[in-house]
Amino acid sequence: MSLALRRRPAPFAAILCAALCTAPCAAAPAAPTAAQDDAPALGERVALALSSAQAAQAGADASALAQALGVIERAGARPLAEWQGQDPVPAWRALVATTPSPLRGSPLGPGYRSGKAAPGRSDSFEQVFLSGKKASIALSTPSNTPMTLQVLDADRRPVCTAADARRGCRWIPLFTQRYVIEVRNGGDRVAEYFLVVE
């Protein structure tokens, strides 16, 4: 019998460990978590810019309004396709003559919408996310109202809940399906919000 045939096979655990140590980690789907990176994602920057623009309009601060609009325009952000609300960006743009015109026909930027939630109540809508593609949702509000962002899958199971200052969710969907995005107002007055989806 040859030496090769008499050699004992390596233990399964050792083979598995070697495979895991050399396999690229990026292939594994990311666990659904609230966004906790130090640098804000594009959607989070757009969400904050939308709130800043509204506050700048209310305070008649043309410089701050132009700065916030610059962030929105450079991101290529546009209203979400199924949203029927009133887009505030054109009105803001009209107030700042030096703001560059938006890029047309670019589907790559994040989508946004605005809404209101009554005290102790929630506002929700559905959005389709594709399997295997990074999903990102960011929430901002011009006020200091405590608000919570929650994402539920098609079976109403929580995918992400974010109630911190950043209020952002990032995950990689395992299946293409509609998700429920819920914004809950934990304050004692009606709160306006902006929500950005990538």
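The values are calculated or read from the model by the stated rules, or taken from the named source; none is laboratory data. Every value quoted in this text rests on a predicted model; they were computed, and no experiment measured them. Please note: Cβ atoms are built from the backbone with ideal geometry, for glycine as well, and neighbour counts cover all protein chains shown. For the accessible areas, the whole protein counts, side chains as well, though only heavy atoms, and no ligand, DNA or RNA atoms are used. Shrake-Rupley method; radii C 1.70, N 1.55, O 1.52, S 1.80 Å.
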Q) Over the Cα atoms of region 145-198, how large are the radius of gyration and the largest Cα-Cα distance (Dmax), in Å? A) 12.0, 37
Q | Net dipole in debye of region 120-186 [+1 Lys, Arg Cβ; -1 Asp, Glu Cβ; about Cα centre; nearest 20] | A | 140 debye
(Q) Through the Karplus equation 6.51 cos²θ - 1.76 cosθ + 1.60, θ set to phi - 60°, convert the phi angles of region 189-198 into ³J(HN,Hα) values in whole Hz; use x for Gly and Pro. (A) 8, 4, 10, 8, 8, 10, 10, 10, 10, 10
Q) When the chain is fully extended, how far beyond the present Cα-Cα distance does T176 get from A94, taking 0.36 nm per residue of separation? A) 25.7 nm
Q.
If I model a spin label at R189 and L130 as a point 7 Å from the Cα along the Cα→Cβ vector, what separation in nanometres do I get?
A. 4.3 nm
Q: With a 1.4 Å probe and every protein chain left in place, tell me how much accessible area D87 has, in Å² to the nearest 10.
A: 40 Å²
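For region 113-198, report the accessible area per residue in Å² (1.4 Å probe, heavy atoms, rounded to an integer).
Working: 4190 Å² over 86 residues.
About 49 Å² of surface per residue is accessible.
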